[in-house]
Amino acid sequence: AQSVAQPEDQVNVAEGNPLTVKCTYSVSGNPYLFWYVQYPNRGLQFLLKYITGDNLVKGSYGFEAEFNKSQTSFHLKKPSALVSDSALYFCAVRRYNTDKLIFGTGTRLQVFP
Amino acid sequence: EPEVTQTPSHQVTQMGQEVILRCVPISNHLYFYWYRQILGQKVEFLVSFYNNEISEKSEIFDDQFSVERPDGSNFTLKIRSTKLEDSAMYFCASSERLGTEAFFGQGTRLTVV
């Protein structure tokens with residue numbers, strides 16, 4: 001069965017500091033991995049994806065994520081956090097031959113000025 | 001920038017009533033999806049739709065649910081006889097092809113009273 005774990009309900013970071021939002025996954029076969037962000041009263045916005053190739057993928061708004069196959073992780077990172085990054089972040093996985101995304105429970109990122 | 005649009009943004013309905021949620025996916029996309037998010041819980045896959053038929057569905061998507069693409073632009077989710085537990089945010093999404101990222105609409109908040 002496919003699953004995604006986001007071990008932290010909330011991450012707090014000071015503006016200007018680096019941030020990491022953790023994600024681990026379990027899926028048979030090669031995974032497609034995604035990060036989405038949800039601002040209050042808004043839909044899910046696509047940030048970045050890993051399909052194949054370079055383990056470090058870059059996405060929107062200066063975010064990046066590193067795929068680690070041995071640790072089955074896909075942590076989201078940003079070198080310097082902004083207050084405007086405060087939102088709910090979802091990691092998701094899709095098995096290569098299926099349509100559906102399996103989401104984690106989400107991590108609320110709070111960036112303090 | 002093309003986007004997925006959903007109407008209405010909020011729907012209140014009485015238990016037992018039928019409700020139709022509407023979505024206009026991105027025009028060149030071929031795969032369409034419905035997800036839901038019960039308040040405070042994770043985003044859950046309901047159904048995927050390709051080539052005018054359901055390609056995959058979850059256990060949640062029982063006989064009370066149906067999807068339709070009545071014309072070249074709209075994609076609808078119908079709930080025949082709503083229950084209190086159907087109250088959730090319903091997200092429509094579309095993707096260009098299998099394996100690519102899904103783009104989500106802003107959601108329809110369904111409240112069953």
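Brief remarks follow.
- Intensity falloff of the protein assembly as shown expressed as log10 I(q)/I(0), Debye formula with alpha-carbon point scatterers, at q = 0.09, 0.13, 0.15, 0.16 Å⁻¹: -0.36, -0.76, -0.99, -1.11
- Shielding by partners - mean other protein chain Cβ count within 10 Å, residues of A:98-108: 6
- Seen from a random direction on average, the alpha-carbon convex hull of segment B:1-112 projects onto 6.7 square nanometres.
- Accessible surface buried upon B-A contact (total; probe 1.4 Å; Å², nearest 100): 1800
- Chain B: relative contact order as a whole-number percent, Cα under 8 Å and 6+ apart: 39
- Positive end of the dipole of the protein assembly as shown (Cβ unit charges, origin at the Cα centre): among A:39, A:112, B:105, the Cα lying farthest that way belongs to A:112.
- Report note on the peptides B:103-110, B:66-73, A:84-91: ranked by the mean count of other C-beta atoms within 10 Å, highest first, their order is B:103-110, A:84-91, B:66-73.
- Overall size of segment A:1-41 from C-alpha positions, given as principal axis extents largest first: 38, 25, 16 Å.
- As a size descriptor, the averaged projected area of the C-alpha convex hull of segment B:42-104 was calculated at 5.0 nm².
- Residue-count net charge about residue A:55 - beta-carbon cut-off 9 Å; Lys, Arg +1, Asp, Glu -1: -1
- In summary, the convex hull built on the alpha carbon positions of chain A has an orientation-averaged projected area of 6.8 nm².
- The charge dipole of the protein assembly as shown, taken about the Cα centre with unit charges on the Cβ atoms of Lys, Arg (+1) and Asp, Glu (-1), comes to about 220 debye, rounded to the nearest 20.
- Averaged over peptide A:40-47, the number of partner chain Cβ atoms lying within 10 Å of each residue's Cβ comes to 5.
- Note on segment A:56-113: Kirkwood radius taken over Cα pairs, Stokes-Einstein applied at 4 °C and 1.567 mPa s, translational D equal to 99 µm² s⁻¹.
- Simple spin-label estimate for residue A:5 and residue B:24 gives 4.4 nm between the two label positions (7 Å along the Cα-to-Cβ direction from each Cα).
- Derived scalar couplings ³J(HN,Hα) [segment B:86-97; Karplus, 6.51 cos²θ - 1.76 cosθ + 1.60; whole Hz; x for Gly, Pro]: 7, 4, 5, 8, 10, 10, 9, 9, 9, 9, 5, 8
The values are calculated or read from the model by the stated rules, or taken from the named source; none is laboratory data. Since the model is a prediction, treat every value here as computed from it, not as a measurement. Here Cβ is always computed from backbone atoms with ideal geometry, including for glycine, and neighbour counts include all displayed protein chains. To get the accessible areas, we keep the full protein, side chains included, count just its heavy atoms, and leave off ligands, DNA and RNA. Shrake-Rupley method; radii C 1.70, N 1.55, O 1.52, S 1.80 Å.
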